[in-house]
Amino acid sequence: MKFATALLLLANTRYIAGLPAGCYDQNIEEIGHGYHDVETAARVARTLVSRESLANLNTYDTNTGYPVGFVEYYADCQQDGEPVMLMIGISSSNKNIAAGSNASLTIRVGDHQPGDRVDPHYIGKVPHSVAGSPRLNLKGQFINYKPTHSEKEYFVSRHHEAISWFPGNPIHDSYWVKFKVESIYFVGGFGDRAYIGEIPAEMYLTAKPFPSRKIPRRSIGSHGNDNHGSIADSISSIVDRLHIALFGTSPDEYLSESIDQKHDDPQTSEHMIVDQTNEV
Ligand SMILES: *[C@@H]1O[C@H](CO)[C@@H](O)[C@H](O)[C@H]1NC(C)=O
């Protein structure tokens, strides 16, 4: 099965498409290059959370007295600004939360898997400057969550290998959670052209993200050489045919079946951090 898994991972390079392709956003041009109103900031914040898929999960370690932050995979599965994540029982973040720590998520432009194609264009952003780009901190609570099949598929499309630690896997105790956002601190970039400050939760939760521009396919590390894309496509097609010959299913079908096989049952987790009554 190791070979099958390797094939699956290779085949899934085509899943890097990420978010549904949008068209170039007229609104961004209309608003111009800067903004200082909180309503636009709320839209930029929702755009950032929707496009990216890695967050620093910040918790407080009561044993040492230090705040600690570790990267976690998330996906804005419901496109509602509240990240869906897989919590691993043995992780120090999970232990800190279980010990009573509050939790927050920090997300910035560029927080996605290598090779994922994500629109880096934001209003008020200074090109090629991290300090001049949006980032935010979400404070809130984790609740247990039961994602739908298509939400799990979306999660795997952003994080291919995460299927290995879906609930029910033989290695790690894990369970699905959703981060219910209670407050937002937002830094849009440099203060002369972007909003910096709090965004009211209600405004954030009801804001409409800006559409994404379609990002051309380009392999990691390439410098605009279009041949890379077609080579990747060819490899993907060869892997598909090999997978069908060996296992009788395409990698897509195999992936879909695997998602269904790994049923999550939060009730059985020994490392629950959240109250069952909160389940949505
Ligand atoms: C968690 O945050 C709340 C504010 O939302 C605060 O009242 C509480 O004291 C914090 N808990 C800890 C353990 O610091």
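Observations on the structure shown:
- Taking the numbered list (1) more than 23 Å from Thr47 (Cβ to Cβ); (2) under 15 Å from the mean Cα position of the chain (by Cα) in turn, Ile90 passes all entries but (2).
- Qualifying residue in region 67-81 (condition: modelled with pLDDT of 95 or more, surrounded by fewer than 19 Cβ atoms within 10 Å (Cβ to Cβ) and of a type in the set (S, T, N, Q)): yes
- Residue list for region 134-150, restricted to those being more than 16 Å from the ligand (Cβ to nearest atom) and surrounded by 19 or more Cβ atoms within 10 Å (Cβ to Cβ): Pro134, Arg135, Leu136, Asn144, Tyr145, Pro147
- In the set (1) farther than 13 Å from Val177 by Cβ; (2) without any contact (Cβ under 8 Å) to a residue 24 or more places away in the chain, the condition left unmet by Arg108 is number (2).
- Residue match in region 66-74 (condition: more than 16 Å from the ligand (Cβ to nearest atom), under 28 Å from Gly168 (Cβ atoms) and in contact with a Lys or Arg (Cβ under 9 Å, 6 or more places away or on another chain)): yes
- Every residue from region 79-104 that is within 16 Å of the ligand (Cβ to nearest atom) and closer than 13 Å to Ser174 by Cβ: Ser93, Asn94
- Test: residue in region 160-176 that is touching a strand residue (DSSP E or B) at 6+ places or on another chain (Cβ under 8 Å), more than 17 Å from Leu48 (Cβ to Cβ), hydroxyl-bearing (Ser, Thr, Tyr) and within 16 Å of the ligand (Cβ to nearest atom): no
- Residue ID - modelled with the lowest pLDDT, chosen from residues in region 163-191 that are of a type in the set (A, V, I, L, M) and crowded, with 18+ Cβ neighbours inside 10 Å: Ile163
- Qualifying residue in region 184-198 (condition: part of a loop (DSSP other than H, G, I, E, B) and of a type in the set (Ser, Thr, Tyr)): yes
- Inter-residue pairs, beta-carbon under 7 Å, first hydroxyl-bearing (Ser, Thr, Tyr) and in region 68-79, second part of a strand (DSSP E or B), 6+ apart: Tyr73/Leu54; Tyr73/Met85; Tyr73/Leu86; Tyr74/Ala55; Tyr74/Val84; Tyr74/Met85
- Hits in region 168-183 - residues which are part of a strand (DSSP E or B) and in contact with a Lys or Arg (Cβ under 8 Å, 6 or more places away or on another chain): Trp176, Val181, Glu182, Ser183
- Pairs with Cβ under 6 Å, 6+ apart, first in region 180-202 and closer than 20 Å to Asp76 by Cα, second among the polar types (S, T, N, Q) and within 16 Å of the ligand (Cβ to nearest atom): Lys180/Gln141; Tyr185/Asn137; Ala201/Ser183
- Just one of the numbered conditions (1) at pLDDT 95 or above; (2) within 16 Å of the ligand (Cβ to nearest atom) is not true of Ile107: (2).
The values are calculated or read from the model by the stated rules, or taken from the named source; none is laboratory data. The model shown is predicted, which means the values in this text are computed figures rather than measured ones. So basically every Cβ, Gly included, is an ideal-geometry build from the backbone, and we count neighbours across all protein chains shown.
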